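Written out below as structure tokens is the structure these notes cover.
The values are calculated or read from the model by the stated rules, or taken from the named source; none is laboratory data. Keep in mind it's a predicted model, so treat the numbers as computed, not measured. All Cβ positions, glycine included, derive from the backbone under ideal geometry; neighbour counts span all protein chains shown. For the accessible areas, the whole protein counts, side chains as well, though only heavy atoms, and no ligand, DNA or RNA atoms are used. Shrake-Rupley method; radii C 1.70, N 1.55, O 1.52, S 1.80 Å.
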Amino acid sequence: MDLRVCWASTDKDIERVQKFRFRIFSEEYTPKFPKDHLGLDIDAYDRLCEHLMLVDNASEEIVGSYRVIPPSAAQQIGSMYCESLFDLSPLKHIQPHTVEIDRSCIDKNYRNGSTILLMWKMIFQFVQQHRFEYIMGCSSMSIDDGGHAAFVLHERLKKLNHYSSEFFIKALNPVVLGEFVPTGKVSIPPILKGYLNLGAKVCSEPAFDALFNTADYLTLLKVSEMKTNYMQRFTRIASPLL
């Protein structure tokens with residue numbers, strides 16, 4: 001695959017990202033978009049944040065995107081996006097130093113470790129340029145099955161010690177996980193796996209996201225504690241551009 005990663009630089013770019021997000025989310029989840037959606041996934045954060053695009057050079061189509069919300073954008077709106085799902089009061093002291101990443105979205109035909117890593121290289125560069133200390137984001141899993149897969153994933157994350165020992169963030173509307181037997185095997189979603197590979201920890205119980213009908217897991221990465229091998233790879237690429 002011949003791919004490139006770049007930042008949206010025009011209103012047209014942002015509209016293309018919104019259209020791409022709408023398509024992918026509609027195909028993979030059961031979202032409750034407004035009736036006047038016009039085929040676009042839009043909210044108040046879009047106009048104040050940065051949009052990262054993964055583009056297939058052969059077709060010039062967007063095949064992946066991340067939304068990067070700096071603290072200044074959250075301050076203008078009055079909250080971080082995650083605050084619609086979680087009680088972030090235990091993190092108030094770090095929020096001015098935290099960049100939020102959400103609306104992670106990659107076409108399933110391009111969704112693998114290599115493409116996620118390609119996008120994270122650019123995110124790391126952004127974080128280094130602005131000297132943010134933490135990266136926060138949500139990873140989602142469909143609960144169209146009633147929540148069984150989310151329960152199995154929850155148990156697997158605990159077993160693999162992926163939960164934070166420092167923070168426990170309560171969901172405003174937690175997904176009920178106690179009514180299932182942990183049977184079957186569930187893979188860690190690629191985007192969540194990407195966070196964990198970098199050294200991030202899950203720091204919340206799963207929250208119910210009514211817009212997408214998903215269980216959302218809040219992850220937090222302290223940049224200085226990123227795994228050394230990734231830090232070295234990203235630094236080699238980012239340093240000449242700082």
ask   = Taking the condition touching a helix residue (DSSP H, G or I) at 6+ places or on another chain (Cβ under 6 Å) and assigned to a loop (DSSP other than H, G, I, E, B), does I42 pass?
value = yes
inquiry  = I'm checking my understanding of the structure. Among residues of the stretch 162-206 that are polar (S, T, N, Q) and at pLDDT 90 or above, which one is nearest to S84 (Cα to Cα)?
reply    = N173
remark   = Those residues of the stretch 29-63 that are within 16 Å of the chain's Cα centre (by Cα) and at positive phi come to a total of 0
query = Which condition breaks for Q75 when tested against (1) under 19 Å from the mean Cα position of the chain (by Cα); (2) closer than 27 Å to H51 by Cβ?
reply = (1)
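Yes or no, residue by residue, for (1) in contact with a Lys or Arg (Cβ under 9 Å, 6 or more places away or on another chain); (2) among the aliphatic types (A, V, I, L, M); (3) surrounded by 12 or more Cβ atoms within 10 Å (Cβ to Cβ):
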position: W7; (1), (2), (3): no, no, yes
position: D11; (1), (2), (3): no, no, no
position: Q18; (1), (2), (3): no, no, yes
position: E28; (1), (2), (3): yes, no, yes
position: P34; (1), (2), (3): no, no, no
position: L40; (1), (2), (3): yes, yes, yes
task = Within the stretch 74-121, work out how many residues are open to solvent by 40 Å² or more (accessible area, probe 1.4 Å), farther than 20 Å from D216 by Cα and either assigned to a helix (DSSP H, G or I) or in contact with a His (Cβ under 7 Å, 6 or more places away or on another chain) (or both).
result = 9
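What about I188, is it within 29 Å of Q95 (Cα to Cα), of a type in the set (A, V, I, L, M) and assigned to a loop (DSSP other than H, G, I, E, B)?
Working: within 29 Å of Q95 (Cα to Cα): yes; of a type in the set (A, V, I, L, M): yes; assigned to a loop (DSSP other than H, G, I, E, B): yes.
The answer is yes for I188.
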